[in-house]
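The values are calculated or read from the model by the stated rules, or taken from the named source; none is laboratory data. Since the structure is predicted, the reported quantities are computational estimates derived from the model, not experimental observations. Every residue, glycine as well, gets a Cβ built from its backbone with ideal geometry; the counts of neighbours run over all protein chains shown.
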Amino acid sequence: MIISQNTGNEGDKSIRISYEVIEKINKFKYLGTYVTSKTEVTEKLKSRLVSGNACFYSVQKLLTSRLISRKLKLKIYRTVILPELLYGCESWSTTLADEHKLHVFENKVLRKI
C-alpha cells in the first residue's frame, strides 16, 4: 500500500492510497454536527437550529394545547427541545450574533407555550 500526495494540481490536496483517491473536503457532518477545517460555530449552530425547529414542530400540538398546563409544556421544552438544540454546545465559542439567534429561537418557542 503506497500513500502519496497527488502533485498534479497545487490546489488539489487529494491522497492516493493504492488505486483509491481520497479527496479533501471543507466540511462534513459527524454525529449531528458539522466538522470544518476552521473552528466556525455558525455552521454547527445552523444545523442545530434546523434540528431544534424539527423537534419543535413535532411537539407543536402539545405546546399549543389548552388541555396541558404551562408547567408541563415548559418541562416538555426543557427535556425534548433544548437537548436537541444545544447538543455539543459546550465546545462552541459563540459570537453575539450566534447568541442572538439562540435567543430568537427560545422566544419563538416560549411564545407558543
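Quick rundown of the values:
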| quantity | calculated |
| --- | --- |
| All positions within the stretch 82-108 that are over 13 Å from the mean Cα position of the chain (by Cα), surrounded by 15 or more Cβ atoms within 10 Å (Cβ to Cβ) and either of a type in the set (A, V, I, L, M, F, W, C) or farther than 23 Å from residue 42 by Cα (or both) | 105 |
| Some residue of the stretch 31-44 being modelled with pLDDT of 70 or more, touching an Asp or Glu at 6+ places or on another chain (Cβ under 9 Å) and surrounded by 10 or more Cβ atoms within 10 Å (Cβ to Cβ) | yes |
| Test: residue in the stretch 53-64 that is surrounded by 15 or more Cβ atoms within 10 Å (Cβ to Cβ), touching a residue at least 40 places away in the same chain (Cβ under 8 Å) and over 18 Å from residue 108 (Cβ atoms) | no |
| All positions within the stretch 55-70 that are part of a helix (DSSP H, G or I) and touching a Lys or Arg at 6+ places or on another chain (Cβ under 9 Å) | 56, 60, 62, 63, 64 |
